[in-house]
Amino acid sequence: MIELEPLLLSFEVALLATSLASLLGVALAALLAQPRFWGRELLDAAITAPMVLPPTVLGYYLLVLLGRESAIGHAFESLTGAPIVFSRGGAVVAATIGALPLICKAARAALESVDVRLVGAARTLGATRFRAFFTVSLPLARRGILAGVMLGFARALGDFGVTLMIAGNIPGQTRTASLAIYDAVLSGRDADATRLSLIMTLFAMSVLIGVGYLTKQRPDGF
Amino acid sequence: MASERLSEAGLRARLSLQRGQNGVGFKLEVTLQFGPGLNVLFGPSGSGKTTILSAIAGLLRPDAGHITLYEQTLFDAAAQIDLAPHLRRVALVFQSLALFPHLDALGNVAYGVPGPASKAERHSRAHAWLTRMRVAHLARAYPSSFSGGEAQRVALARALASEPRALLLDEPFSALDQALVSDLGAELLDHVNSLGLPVVLVTHDRNLARELGTELTLLREGRVERVGPASEVLAARV
């Protein structure tokens, strides 16, 4: 019998996190794709850092930033009545941080590969910078962005370290599939660990194949 | 003759621009006047033709100078005026044509139809332009399926549908064979003359420049070398 609860929770958290990371990631990518933006490399490094920093470091920063004693954590708790950390919200934040660099990097590359002359043509045809972005850049970059979003979703689904640091391991609340696997291994339930691991692997492989298909260049380049 | 043209110049530009990359510098220093109708900007590649068009359209900012279109100042470095490209109403047809690959011909042409207009209104005006350029049958086809001549016609329809006050054409016929160029060139001249707006056509093709036979500005290494009727300017340089 497969433990469904952690899997469903993982999907729920990953869906929310991917939505957040997509909005934020594409907006940041649009900023990074601007040629005249002075803080570009610094911002890019800050967004990429979660890919290379230890989860403990990230988790610690997030605890300091979002904990119940912090300004943000306090404001959030007085507005919603529940803290961000050690709740489902914390798990969503952790997964968002994991997905963001993947989505942002893919979106930046996709936006930068759009022919600048097409954007120029849109501008001379009367489009504001804003309209040109939404009607030309974004539609033409959509395959690359979608590939990034899929990767981000796969990454969000499997977050372990940061989730453990800021959301804990609360059954039904923050115990996602990757945490459930950890529990199963520690308590010697090898069959459970194997089943959950295989499901996670199967899913990750499907996503990667999907991304490969999406990023394959079509003959007309579109 | 020359003074008469000066007085009726709709598009005036004095541009100064310098770009240096690892010792390979490029310097542009030109004063240009273009009256209503077709004007040819002729010169070898690297003489600054495309840079001039980009500056007039607002896609590239010159270091100094000014650009005026009739009574309107588009750019004035001293007065710190730099009108955004979408407010200039200067249509630019790129050498690559830059048709939007994700939109069909109708969508491409409707993109620039000035508002306020409903979608149906935009489409009907776009369709009228496709008909005038004799490519109405392509309305629902996508650019990847167009021949060189068809793409050219759709790009011109798109530029004209935006109701520009000036039209800039960068090597518009470079992808076409000679017979098509003659056809389309003559047709374009008809349209341009009936619209009465300044049109600047950039080319490095001597035959085309001679065939169009209008006022010609000869550009060389970022400077204006001569201005005058095409036959005279081209005859002086063998």
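Brief remarks follow.
- Subset of the stretch B:206-227 that is in a loop (DSSP other than H, G, I, E, B) and at pLDDT below 85 - its residue that is farthest from the chain's Cα centre (by Cα): B:213
- Taking the numbered list (1) in contact (Cβ under 8 Å) with a residue 24 or more places away in the chain; (2) part of a loop (DSSP other than H, G, I, E, B); (3) within 14 Å of chain A (Cβ to nearest Cβ); (4) not charged (D, E, K, R) in turn, residue B:167 passes all entries but (2).
- Looking at A:121, A:132, A:127, just one residue is free of Cβ contacts under 8 Å to residues at least 24 places away in the same chain, within 14 Å of chain B (Cβ to nearest Cβ) and not in a helix (DSSP H, G or I), and that residue is A:127.
- Any chance residue A:36 is closer than 30 Å to residue B:155 by Cα and modelled with pLDDT under 90: yes
- Answer residue from the stretch B:162-186, given it is acidic (Asp, Glu) and closer than 27 Å to residue B:86 by Cβ and is surrounded by the fewest Cβ atoms within 10 Å (Cβ to Cβ) among those: B:163
- The conditions of being at pLDDT 90 or above and either of a type in the set (A, V, I, L, M) or in contact with a Pro (Cβ under 7 Å, 6 or more places away or on another chain) (or both) are met by residue A:91.
- Residue match in the stretch A:89-112 (condition: touching a residue at least 12 places away in the same chain (Cβ under 8 Å) and within 14 Å of chain B (Cβ to nearest Cβ)): yes
- Of the residues making up the stretch B:105-159, those that are within 14 Å of chain A (Cβ to nearest Cβ), buried (at least 18 other Cβ atoms within 10 Å of the Cβ) and not in a helix (DSSP H, G or I) are B:112, B:113, B:142, B:146.
- Tally, over the stretch A:135-165, of residues that are within 17 Å of residue A:47 (Cβ to Cβ) and within 10 Å of chain B (Cβ to nearest Cβ): 0
- Subset of the stretch B:192-213 (residues that are in contact with a Leu (Cβ under 7 Å, 6 or more places away or on another chain) and surrounded by fewer than 16 Cβ atoms within 10 Å (Cβ to Cβ)): B:206
A quick yes/no check of all residues on (1) closer than 15 Å to residue B:95 by Cα; (2) among the charged types (D, E, K, R):
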{"site": "B:136", "(1), (2)": "no, no"}
{"site": "B:140", "(1), (2)": "no, yes"}
{"site": "B:149", "(1), (2)": "yes, no"}
{"site": "B:152", "(1), (2)": "yes, no"}
{"site": "B:155", "(1), (2)": "yes, no"}
{"site": "B:170", "(1), (2)": "yes, yes"}
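- Subset of the stretch B:34-92 that is basic (Lys, Arg) and either touching a helix residue (DSSP H, G or I) at 6+ places or on another chain (Cβ under 6 Å) or assigned to a helix (DSSP H, G or I) (or both) - its residue that is nearest to the other protein chains (Cβ to nearest Cβ): B:88
The values are calculated or read from the model by the stated rules, or taken from the named source; none is laboratory data. Given the structure is predicted, the values throughout are model-derived calculations rather than measurements. Virtual Cβ from ideal backbone geometry, glycine too; neighbours counted across all protein chains shown.
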